[in-house]
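S.K.: The structure's right below; bear with me while I get my questions together.
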Amino acid sequence: MAEEITERVESARVRRVPKYSVFLLLGAAVGIVAALALTFGVSDGGVSTSTGLEYSVGQVFGFIALGAIPVGMALGGVVALILDRSARRRSREVRIVHERVRSTDDA
């Protein structure tokens, strides 16, 4: 039984990359917390100044959340992009050794 070994050396750049989904989910969570704070921070009793209609606390939270969650997600995405750009500058070069071993049967 004989073995044939081939080896190839390459180089590649390695860097840490942030997980965008985590930053987007954290941004959404921040948006929900901001919507809660704004809902209970507003002291007008849920009465619209333009229409005069009265809205429940849940409706006010929903209206504010419709704007706060996408803004929070956008801010989380921007933070992830900034971290990705800074990680690109700190990338390093590594060597990769590819080795293939093939056995041949001499019958």
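S.K.: So what is the 222 nm mean residue ellipticity for the chain from helices alone, if each DSSP H run of at least 4 adds -39500 (n - 2.57) and you divide by all residues, rounding to the nearest 500 deg cm²/dmol? Walk me through the numbers on the way to the answer.
M.R.: Values: 2 runs with 55 residues, N = 107.
My calculation for the chain gives -18500 deg cm²/dmol from helical runs alone.
S.K.: What do you get for the angle between helix 20-41 and the principal long axis of the chain? Use alpha-carbon atoms, 0 to 90 degrees, nearest ten.
M.R.: For helix 20-41, the angle is close to 10 degrees.
S.K.: Another question, then. In the chain, carbon and sulfur make up what percent of the accessible area (probe 1.4 Å)?
M.R.: On the way: 5150 of 8420 Å².
The nonpolar share, carbon plus sulfur, comes to 61 percent.
S.K.: Quick check: from the Cα gyration tensor, does the range 50-107 come out rounded (a/c under 1.5), prolate or oblate?
M.R.: Values: a/c = 10.52, a/b = 2.89, b/c = 3.64.
Because a/c hits 1.5 or more and a/b fails to exceed b/c, the range 50-107 counts as oblate.
S.K.: Specify which residue in the list I69, A12, V42 is farthest towards the positive end of the charge dipole of the range 6-73, using unit charges on the beta carbon of Lys, Arg (+1) and Asp, Glu (-1), about the Cα centre.
M.R.: Result: A12.
S.K.: Any idea of the accessible area per residue across the range 8-107, 1.4 Å probe, to the nearest Å²?
M.R.: Values: 7710 Å² over 100 residues.
Each residue of the range 8-107 exposes 77 Å² on average to a 1.4 Å probe.
S.K.: Could you tell me the relative contact order of the chain? Use alpha-carbon pairs under 8 Å, at least six residues apart, and round to a whole percent. Display every interim value, and only then the final one.
M.R.: Numbers: 133 pairs, mean separation 61.8, N = 107.
It rounds to 58 percent for the chain.
S.K.: Right, another one. Please determine, in degrees from 0 to 90 and to the nearest 10, the orientation of helix 57-89 with respect to the longest principal axis defined by the Cα atoms of the chain, where the helix direction is its Cα long axis.
M.R.: 30
S.K.: In debye, nearest 20, what is the charge dipole magnitude of the chain about its Cα centre with +1 on Lys and Arg Cβ and -1 on Asp and Glu Cβ, if you could check? Could you put the intermediate results ahead of the total?
M.R.: Details: 13 positive and 11 negative charges, 122 e Å.
Once rounded to the nearest 20, the dipole reads 580 debye.
The values are calculated or read from the model by the stated rules, or taken from the named source; none is laboratory data. This one's a predicted model, so the numbers in the text were calculated from it and none came from an experiment. Cβ coordinates were reconstructed from backbone atoms using ideal geometry, including for glycine residues, and neighbour counts include every protein chain displayed. Heavy atoms of the whole protein, side chains included, go into the accessibility calculation; ligands, DNA and RNA do not. Shrake-Rupley method; radii C 1.70, N 1.55, O 1.52, S 1.80 Å.
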